[in-house]
1. Once label points are set 7 Å from the Cα along Cα→Cβ at both ALA77 and ASP53, what is their separation, rounded to one decimal in nm?
2. With just the Cα atoms defining each centre, how far is the range 23-39 from the range 63-77? Give it in Å.
3. If you take every residue apart from ASP65 with its C-beta less than 11 Å away from the C-beta of ASP65, what net charge results, scoring Lys and Arg +1 and Asp and Glu -1?
4. With everything on Cα atoms, drop me the angle between helix 27-47 and the longest principal axis of the chain, reported from 0 to 90° to the nearest 10.
5. With a ≥ b ≥ c taken as the square roots of the eigenvalues of the C-alpha gyration tensor of the chain, please select rounded if a/c is under 1.5 and otherwise prolate if a/b is larger than b/c or oblate if it is not?
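Values quoted throughout were computed directly from the atomic coordinates according to the rules given, and no laboratory measurement underlies them. Quick caveat, the model's predicted, so the values are computed rather than measured. For neighbour counting, all protein chains shown are included, and Cβ atoms are generated from backbone atoms with ideal geometry for every residue, glycine included.
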Amino acid sequence: MESHNGAEQRFLLPVHRDQHGARVVPADHVTGLLRGIAATWQDWAAGGVPGLDPATAAGLGAVLDHLADQLDVQCIAKADSQN
């Protein structure tokens, strides 16, 4: 299992401001975050972390992976429509 400090580094997101002052995060960093959390939960499920239901952790990880895939598809579609 990864240390707390390593997890903090793994899950850092670059936050920028757009021309209107709204905070934005690059989509590839968001999907990377989702996949990173999913991988951590799935590692914990496989590693038998005490007090953690392996099926639940693995299922939640799969949901986050699917969400990241959906975001990737939406971003690709948006980029294609702008070209």
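1. Placing both labels 7 Å beyond Cα along the Cβ direction yields 3.2 nm.
2. The range 23-39 and the range 63-77 have Cα centres spaced 10 Å from each other.
3. Net of charged neighbours comes to -1.
4. That works out to roughly 10 degrees.
5. oblate
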